Amino acid sequence: MRVTGRMLFALVVAVVSLGAMSQQRAEDPATDSEIRIGNIMPYSGPLAEFGAIGKAEAAYFDMINERGGINGRKVRFITRDDNSDPATALELTRGLIEKDDVLLMFGSFGTPGNLATRWYLNQRKIPQLFVASGDEELSRPRAFPWTMGWQPSYKAEGRIYANYIQAYYPARKIVVLWQNDQFGRDLFKGIEEGLGDLNRFVIVDIAFDITDEHLEGHVSILKRAGADIFVFLGVSSTASQVIKLAASLNWHPVFIVNDASASIANALAPAGIENSAGVISAAFLKDPSDPAWRDDPSMKDWFTFMDKYHRIESTNNNAALYGYAAAESLTQVLKQCGDDLSRENIMRQASSLRDNQPSVALPGIKMNTSPDNYLPIKQMRLEQFDGRSWQSFGDVIETAFTEGRKH
């Protein structure tokens, strides 16, 4: 995946009859033959690499439609480009609701855009389902009963790294390089929460912008700090540069990278396999570029899907796999709805998931929700890259300490 600007476009996938469609009231947009779903993605701008999520979701519904749809209804997936601008996200969401009459919003990317649209969608009682963000603010059922996350929270992921450091490298010096946005701040906040009083061992932390041109200087400063542990929190394209820079400085700390930057194909291999060996991360989905999964039945289905429906992206794209898994989860919810596609029933079904395992999730990772718990995936697994594959170690992590043990 590359962080590159792309031309603004609106991708509309509709494998449905091109005949005339009946006019629908905004409060009753579903028909006997069609389900309209809205989505917002950064197909252009600094986070364009994550547009692969929306493309994979569009392709997934293409596949579902070819197989007969969901309970006999075809899916019309309408996805728009917000260029990572929250104001644009709100404007486009209004258009999807008020002009395109979508039944629900699904999988829209990023914390700022989803926060910008949350109040509007909750006022109108429109599901904002499985948002592509790990911000815990987007899974608060009492305050915002129409908004639900999907992936593990960023803060929880940060606490997992903090707990790992406490368990394996107590009282060692730590440096952190974190992306200067809500995503990076939440991950770093989780580390701080997990370390508690042990934050004194974080001797330097540096925030960087997604288009930062001074990564070499940042890494040099962190090396001179004399730390034993280097935590990187950002996207895979930056992680690749940082791992390579550390190696070029002959610096080989314990290297921890967050889940979103832990792709073998898009971060570790470009950084150099020899430079990436030993990297630690936490994950909840399989890495499609990991040779360990080549013969796995669920991943064989993934490769078949990519070959048939999604030729424009590499099969190794982690963001695309994320979109595939999220679309699979929404399909499960809509199947559970049966013929009752009221928005109330959609939220009722989304908040009653029981031990549902996405096909491409790591072993032991399951989705569970309730009316009081809107975060479907709350588990991750620690992994270490051995120079070829990710090797899981320890048990599935369901909770992480919110305050570090005192030493």
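Within 30 Å of Gln241 (Cβ to Cβ), part of a loop (DSSP other than H, G, I, E, B) and at pLDDT below 95 - does that describe any residue in the stretch 50-57? Write out each step before concluding.
Just the residues of the stretch 50-57 that are within 30 Å of Gln241 (Cβ to Cβ), to begin with: 50-57.
From what's left, part of a loop (DSSP other than H, G, I, E, B): none.
No, the conditions are met nowhere in the stretch 50-57.
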Of all residues in the stretch 213-237, how many are assigned to a loop (DSSP other than H, G, I, E, B), buried (at least 18 other Cβ atoms within 10 Å of the Cβ) and not aliphatic (A, V, I, L, M)? 1
Residues of the stretch 154-188 being farther than 22 Å from Asp85 by Cα and within 18 Å of the chain's Cα centre (by Cα), in sequence order, are Lys155, Ala156, Glu157, Gly158, Arg159, Ile160, Tyr161, Phe188
Failed item in (1) over 23 Å from Met367 (Cα atoms); (2) more than 21 Å from the chain's Cα centre (by Cα), with Asp340 passing the rest: (1)
Which of the residues belonging to the stretch 166-188 are crowded, with 21+ Cβ neighbours inside 10 Å and either out of contact with any His (no Cβ under 8 Å at 6 or more places or on another chain) or closer than 18 Å to Ser133 by Cβ (or both)? Ile174, Val175, Val176, Trp178, Gln179, Phe183, Gly184, Asp186, Leu187, Phe188
So which residues in the stretch 33-43 are out of contact with any Phe, Trp or Tyr (no Cβ under 8 Å at 6 or more places or on another chain) and in a loop (DSSP other than H, G, I, E, B), if there are any at all? Ser33
If a residue has to be surrounded by fewer than 15 Cβ atoms within 10 Å (Cβ to Cβ) and in contact (Cβ under 8 Å) with a residue 40 or more places away in the chain to count, how many in the stretch 194-207 make the cut? 1
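Is it fair to say Gln391 is under 21 Å from Asp259 (Cβ atoms), over 20 Å from the mean Cα position of the chain (by Cα), open to solvent by 60 Å² or more (accessible area, probe 1.4 Å) and polar (S, T, N, Q)? I'd like the intermediate steps shown before the answer.
On the way: under 21 Å from Asp259 (Cβ atoms): yes; over 20 Å from the mean Cα position of the chain (by Cα): yes; open to solvent by 60 Å² or more (accessible area, probe 1.4 Å): yes; polar (S, T, N, Q): yes.
Yes; evaluated as a whole, the condition is true for this residue.
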For the stretch 342-358, enumerate the residues that are part of a loop (DSSP other than H, G, I, E, B), open to solvent by less than 40 Å² (accessible area, probe 1.4 Å) and more than 19 Å from Ile126 (Cβ to Cβ). Leu353, Pro358
The listed residue being over 23 Å from Ala361 (Cβ atoms), open to solvent by 10 Å² or more (accessible area, probe 1.4 Å), in contact with a Gly (Cβ under 9 Å, 6 or more places away or on another chain) and among the β-branched types (Val, Ile, Thr), out of Ile210, Ile160, Ile243, Ile191: Ile210
When residues of the stretch 303-328 are filtered for being touching a Phe, Trp or Tyr at 6+ places or on another chain (Cβ under 9 Å), part of a helix (DSSP H, G or I) and surrounded by fewer than 23 Cβ atoms within 10 Å (Cβ to Cβ), how many remain? 4
Would you pick out the residues in the stretch 290-302 that are at pLDDT 95 or above and either of a type in the set (Lys, Arg) or open to solvent by less than 10 Å² (accessible area, probe 1.4 Å) (or both)? Asp290, Met299, Lys300, Trp302
Just need a number here: residues in the stretch 276-298 that are closer than 23 Å to Gly158 by Cα and either aromatic (Phe, Trp, Tyr) or in contact with a Lys or Arg (Cβ under 7 Å, 6 or more places away or on another chain) (or both). 3
Considering the stretch 83-97, residues that are open to solvent by 10 Å² or more (accessible area, probe 1.4 Å) and not hydrophobic (A, V, I, L, M, F, W, C), and then whichever is modelled with the lowest pLDDT, we arrive at Ser84
Given (1) of a type in the set (Gly, Ala, Ser); (2) open to solvent by less than 10 Å² (accessible area, probe 1.4 Å); (3) within 20 Å of Ile210 (Cβ to Cβ); (4) not in a loop (DSSP other than H, G, I, E, B), where does Ala116 come up short, assuming only one miss? (2)
For the stretch 359-407, name all the residues that are among the acidic types (Asp, Glu) and either modelled with pLDDT under 95 or in a loop (DSSP other than H, G, I, E, B) (or both). Asp372, Asp386, Asp395, Glu398, Glu403
Filter the stretch 261-289 for residues that are of a type in the set (Gly, Ala, Ser), in a helix (DSSP H, G or I) and in contact with a strand residue (DSSP E or B) (Cβ under 9 Å, 6 or more places away or on another chain); which is surrounded by the most Cβ atoms within 10 Å (Cβ to Cβ)? Ala267
Residue check, Ser370 against (1) over 17 Å from Pro127 (Cβ atoms); (2) open to solvent by 20 Å² or more (accessible area, probe 1.4 Å), all met but one. Which one? (1)
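Free of Cβ contacts under 8 Å to residues at least 40 places away in the same chain, open to solvent by less than 10 Å² (accessible area, probe 1.4 Å) and not in a loop (DSSP other than H, G, I, E, B): does that describe Asn122? Don't jump to the end; show me each part of the working.
On the way: free of Cβ contacts under 8 Å to residues at least 40 places away in the same chain: yes; open to solvent by less than 10 Å² (accessible area, probe 1.4 Å): no; not in a loop (DSSP other than H, G, I, E, B): yes.
Criteria not met by Asn122.
The values are calculated or read from the model by the stated rules, or taken from the named source; none is laboratory data. All values derive from a computational prediction rather than experimental measurement. Glycine gets a Cβ as well: all are built from the backbone with ideal geometry, and neighbour counts include every protein chain shown. The accessibility values were calculated without ligands, DNA or RNA, using every heavy atom of the protein model including side chains. Shrake-Rupley method; radii C 1.70, N 1.55, O 1.52, S 1.80 Å.
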